[in-house]
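Below is one structure; the comments refer to it alone.
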Ligand SMILES: Nc1ncnc2c1ncn2[C@@H]1O[C@H](COP(=O)(O)OP(=O)(O)O)[C@@H](O)[C@H]1O
Ligand SMILES: [Mg+2]
């Protein structure tokens, strides 16, 4: 039940800037995911929000109140760490009670809160075990329990699932998201895993080299990436990128690539397209199909089939268009590996067009 | 294959020689302490005692003459305890707190502090004796029990603080962050989280201090004062006494008794000592 504003926040260690002038708003009850490759400053940002590190300059407001200079405990938040960071000499119960004891709550109240959180996280059976007697997933649940047993208005998660195996990770994704839906506590969740971001977030901030690349809802981020980095980072298999130029034919914009043209008349340009501009045309693998398109100007894309990656539900067929790689996500029954050269066509409503100069969406 | 066997033989030969190097003197000490003087005068130091008995031990403990007093070295034992126990407790408590602060909190000039600690740990303490005599005299604690305790604590702090700092610095930093987010302060984190994680390193520190302080001779002689002379100083007075016949059996027994305390501490906690050394003291 809290709103967070980050204003012109900068952080440098000695002489290297981690980020400069970051601005970010987190709405009440939102589940915001900070997504970025490792080393891009996600943990640093989270630590600054938590009050574990101080920024070089800038402001952080929680519910309109500047919290810079406040101790972590005075910011009304709790945090879950990548390494779980459970207190190794205490039981799960001890871990969950610690913050409440420090805050001076009555014993009976502590017990009640711990029981309640434990029930919510299916930890009741494990309350008297030490962290060393728990499996990875149980440890992570205990760490989440420790965070939510306190009445806070902001949850911070720093890559909480990255030490778990794939199956457990997808299960925990759902559990964390359900907890958020039940409790409605504003959450900031840091990860480098775009699947986690897509599946859990109500909005995603993509961070690279300390610069916010895009802040949008997951589907927008997927459909309309703001730049080439986001286009390549989001999606289980990255967006196909083809080099070309803008041309205007009969008053309609087209992408002129080597050996073929793609009709862009249905693409929503932000500014009127300029003929001759160098572009990168982005197409998601699921928006490419075998065969000629009926009657449009999207013709002449010829691809040589290279290799296939069966993914179970569907199959990724890798081809070469000229010397550029192009993947298609197709039904496994359609997949072919005959090294033939075949025609392809694109879904013209699902294209992305970037400037090759600025790498930004046009 | 052959060279492996030769290597093995080499290793065992080395181990045997070094064991003998330490064990032969121990053997001579123990056997001599169990003999009577006539038997010792025969000069056969490797022979087993014909009639082993502990009378020399009892004499060393309670009736051997040191100077004018004939009370054995038991008084020295008591003095050593009075010096050691508070010194060990104080130095270990202070240095673990110091190490914790240096490793896990943003102490200003921590780097400089570490450099000074290193220097403190490696400067031979003989260099500092005269200034310390003057300082303790000015403070009025020269030649008193608090004086010698303060000296031992001071000399213990640098090395111990480094050991503790390295141990705490090797712990995952996120535990510390979690505790701060949970709202715990400096002392709460120390008491409730860090100390419970430290038994192995505490054992290392205690053993180092017990042996160091118990075996100390020079500092005790200089700073403890006539009434508080530690066991080592009394042992020296006994062994080097110039009166009468040298009672080798009593001297040997007194020496063994003096060495017994650190030895017992080792035997009781050697397992933790090794574990502590390998789990942080060195690794950090
Ligand atoms: N205490 C520190 N001192 C110096 N540089 C640091 C410190 N902490 C982090 N950095 C640097 O800041 C950058 C961002 O780190 P971090 O926030 O941990 O990245 P992420 O969590 O996104 O992987 C990295 O290049 C890292 O080397
Ligand atoms: Mg990180």
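Table for the structure above
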quantity	calculated
Members of segment A:64-98 found to be farther than 15 Å from residue B:192 by Cα, over 26 Å from the mean Cα position of the chain (by Cα) and within 8 Å of chain B (Cβ to nearest Cβ), listed by number	A:71, A:73
Test result for residue A:18, within 19 Å of residue A:152 (Cβ to Cβ) and either more than 8 Å from chain B (Cβ to nearest Cβ) or within 16 Å of ligand 1 (Cβ to nearest atom) (or both)	no
Hey, residue B:161 more than 26 Å from residue A:88 (Cβ to Cβ) and either surrounded by 18 or more Cβ atoms within 10 Å (Cβ to Cβ) or not assigned by TED's automatic domain parsing to the domain that holds residue B:82 (or both) or not	no
Some residue of segment B:185-201 being touching a residue at least 60 places away in the same chain (Cβ under 8 Å), within 17 Å of the chain's Cα centre (by Cα) and surrounded by 22 or more Cβ atoms within 10 Å (Cβ to Cβ)	yes
Test: residue in segment A:309-317 that is closer than 28 Å to residue A:361 by Cα and touching a strand residue (DSSP E or B) at 6+ places or on another chain (Cβ under 6 Å)	yes
Residue B:128 being modelled with pLDDT under 95, surrounded by 15 or more Cβ atoms within 10 Å (Cβ to Cβ), in a helix (DSSP H, G or I) and touching a helix residue (DSSP H, G or I) at 6+ places or on another chain (Cβ under 9 Å)	yes
Residues that are in contact with a strand residue (DSSP E or B) (Cβ under 8 Å, 6 or more places away or on another chain) and within 15 Å of ligand 1 (Cβ to nearest atom), drawn from segment A:60-84	A:79, A:80, A:81, A:82
Pairs where the first residue, in segment A:188-217, is within 14 Å of chain B (Cβ to nearest Cβ) and the second is part of a strand (DSSP E or B) and more than 14 Å from ligand 2 (Cβ to nearest atom), C-beta under 7 Å, 6+ apart	A:188/A:26; A:188/A:32
The listed residue being modelled with pLDDT of 95 or more and within 14 Å of chain A (Cβ to nearest Cβ), out of B:175, B:189, B:213, B:201	B:189
Residue match in segment A:108-115 (condition: within 28 Å of residue A:2 (Cβ to Cβ), within 12 Å of chain B (Cβ to nearest Cβ), buried (at least 22 other Cβ atoms within 10 Å of the Cβ) and modelled with pLDDT of 95 or more)	no
Condition met for residue B:147 (part of a helix (DSSP H, G or I) and buried (at least 16 other Cβ atoms within 10 Å of the Cβ))	yes
Subset of segment A:152-165 [under 18 Å from residue A:189 (Cα atoms) and either within 16 Å of ligand 2 (Cβ to nearest atom) or away from every other protein chain (no Cβ under 12 Å) (or both)]	A:153, A:156, A:157, A:158, A:159, A:160, A:161, A:162, A:163, A:164
Failed item in (1) away from ligand 1 (no atom under 11 Å from the Cβ); (2) surrounded by 15 or more Cβ atoms within 10 Å (Cβ to Cβ); (3) within 14 Å of chain B (Cβ to nearest Cβ), with residue A:5 passing the rest	(3)
Considering residues of segment A:31-40 that are over 11 Å from residue A:212 (Cα atoms) and touching a strand residue (DSSP E or B) at 6+ places or on another chain (Cβ under 6 Å) only, the residue nearest to ligand 1 (Cβ to nearest atom)	A:33
Flag for residue A:144 being more than 21 Å from residue B:175 (Cα to Cα), buried (at least 20 other Cβ atoms within 10 Å of the Cβ) and away from ligand 1 (no atom under 16 Å from the Cβ)	no
Among the candidates A:10, A:43, A:97, A:57, residue that is in contact with a strand residue (DSSP E or B) (Cβ under 6 Å, 6 or more places away or on another chain) and more than 15 Å from ligand 1 (Cβ to nearest atom)	A:57
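Rundown of residues vs (1) under 30 Å from residue B:244 (Cα atoms); (2) touching a helix residue (DSSP H, G or I) at 6+ places or on another chain (Cβ under 9 Å), yes/no style:
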| residue | (1), (2) |
| --- | --- |
| B:24 | yes, no |
| B:35 | yes, yes |
| B:61 | yes, yes |
| B:67 | yes, yes |
| B:80 | yes, yes |
| B:94 | no, yes |
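The values are calculated or read from the model by the stated rules, or taken from the named source; none is laboratory data. Since we're looking at a predicted model, the values are computed, not measured. Counting neighbours? That spans all protein chains shown, and the Cβs are built from the backbone with ideal geometry, glycine included.
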